[in-house]
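**Q** Starting off with a structure, shown below.
Bear in mind that the values in this text are calculations on the coordinates, not laboratory data. The structure presented is a predicted model; accordingly, all values stated were derived computationally and were not measured. As a convention, Cβ positions derive from the backbone with ideal geometry for all residues, glycine included, and neighbour counts pool all protein chains shown.
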Amino acid sequence: MMPPLNPFQRRSRLLFLGVLGGASAWVFLNGTFQLPFLQRCGIWTLTGLPCPLCGGTRSIKALLAGDWSQSIAWNPLVPPLAFLIALWAVLLLLELGLNRCLLPDAWWPRWSRRILALSLVLLMIWWGARIVYVFQKGNHPLLDASHPVAASLQSLLGLAERPCQD
């Protein structure tokens with residue numbers, strides 16, 4: 001049998017669920033995910049290139065509207081991440097309701113560095129592939145081909161600008 005939650009575990013679960021609930025309330029009340037003080041992605045502004053999460057807002061909007069294909073087109077990482085976050089929230093709610101740890105705490109310290117390292121490597125591979133895809137696609141909404149960094153990378157990769165093929 002799993003041990004009961006200690007006060008720290010209880011507070012951390014409540015904090016996560018509170019932040020998730022607050023973000024959900026923000027979206028519900030404002031109809032948008034965009035924060036007023038954060039208009040553009042920092043990586044996109046500095047380079048003209050999409051970051052690994054660019055298009056995430058539009059992907060979540062499409063996902064909530066039930067348009068899976070459009071959600072995946074904007075950012076294929078969002079649907080699985082949304083599913084994992086929802087699953088995690090359900091697990092935390094169950095733990096709070098039962099006042100028991102459902103996952104042993106011992107597994108996380110042992111695997112956290114490996115999971116983090118693998119996630120970062122996969123994210124960098126995804127980012128590189130996405131940049132090449134966006135350049136090959138042509139006039140993609142997540143690409144600012146007029147930006148000097150994006151233009152330099154485009155010529156370095158030997159990908160000439162083409163009109164949008166949508």
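**Q** Say R0 is 45 Å: what FRET efficiency, to the nearest 0.05, do LEU17 and LEU156 get from their beta-carbon distance? Provide the component values of the computation, followed by the final result.
**A** Details: r = 46 Å, r/R0 = 1.01.
According to the calculation, E is roughly 0.50.
**Q** Fewest first, what order do CYS41, CYS54, CYS101 take by the number of other Cβ atoms within 10 Å?
**A** CYS101, CYS41, CYS54
**Q** Suppose every Lys and Arg Cβ carries +1 and every Asp and Glu Cβ carries -1, with no other charges. What dipole size does the stretch 7-157 come out with about its Cα centre, to the nearest 20 debye?
**A** Numbers: 12 positive and 4 negative charges, 71 e Å.
That gives the stretch 7-157 a dipole magnitude of about 340 debye.
**Q** Further, regarding this structure: Provide the FRET efficiency to the nearest 0.05 for the ALA129-LEU84 pair, computing r from the beta carbons and using R0 = 25 Å. Can you show the working numbers first?
**A** Details: r = 21 Å, r/R0 = 0.83.
With a Förster radius of 25 Å, E is 0.75.
**Q** Could you list ASP67, ASP144 in order of exposure, starting from the residue whose Cβ has the fewest other Cβ atoms within 10 Å?
**A** With the sparsest Cβ surroundings first, the list reads ASP67, ASP144.
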